[in-house]
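What follows is a single structure, written as C-alpha cells, with notes after it.
The values are calculated or read from the model by the stated rules, or taken from the named source; none is laboratory data. Owing to the predicted nature of the structure, the values given are computational and were not obtained by experimental measurement. Every residue, glycine as well, gets a Cβ built from its backbone with ideal geometry; the counts of neighbours run over all protein chains shown.
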Amino acid sequence: MDHVDSFYGLFELQHHLHDKPTLASAQTRPRTIPDPQTGRPLAVASVEISERGVCPACTQLGAGGYVSFVSDLRLAFACPSCLKLVWMAGA
C-alpha cells in the first residue's frame, strides 16, 4: 500500500528539502472511508492538520492530520513519518 492509499485520499504528502515530510489536506477528498475492522463506510466529519501532533504508532512529534467521523467516537491520525492512518479509540 503506498502513502496515497494509506491516507484514503484525505491527505497529500509533501516533501521539503531539509525538513521532515508533512501533510496537506487533499483538495478533493472522499466523504467516506472504510472502517479498518468491518469495511463499512464511515462518514468523515472533519479533517484537520496539526503542526504539533504525536503519532500513536511511531511516537514521532511533528505535523500530522486528524480525522473525525460522523456517529463514531474514534479518531484517526495521519502520520507523515510512518505513512499510515492510525486509528485511536474514542472516549
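Being aromatic (Phe, Trp, Tyr) and touching a residue at least 24 places away in the same chain (Cβ under 8 Å) is the filter; apply it to the stretch 42-91 and report the residue that is nearest to residue 25 (Cα to Cα).
77
Restricted to the stretch 55-72, and to residues that are at pLDDT below 90 and assigned to a strand (DSSP E or B), which residue is surrounded by the fewest Cβ atoms within 10 Å (Cβ to Cβ)?
Restricting to residues being at pLDDT below 90 and assigned to a strand (DSSP E or B), the top hit is 61.
Check off (1) polar (S, T, N, Q); (2) within 15 Å of residue 88 (Cα to Cα); (3) part of a strand (DSSP E or B) for residue 50 and give me the number that stays unchecked.
(2)
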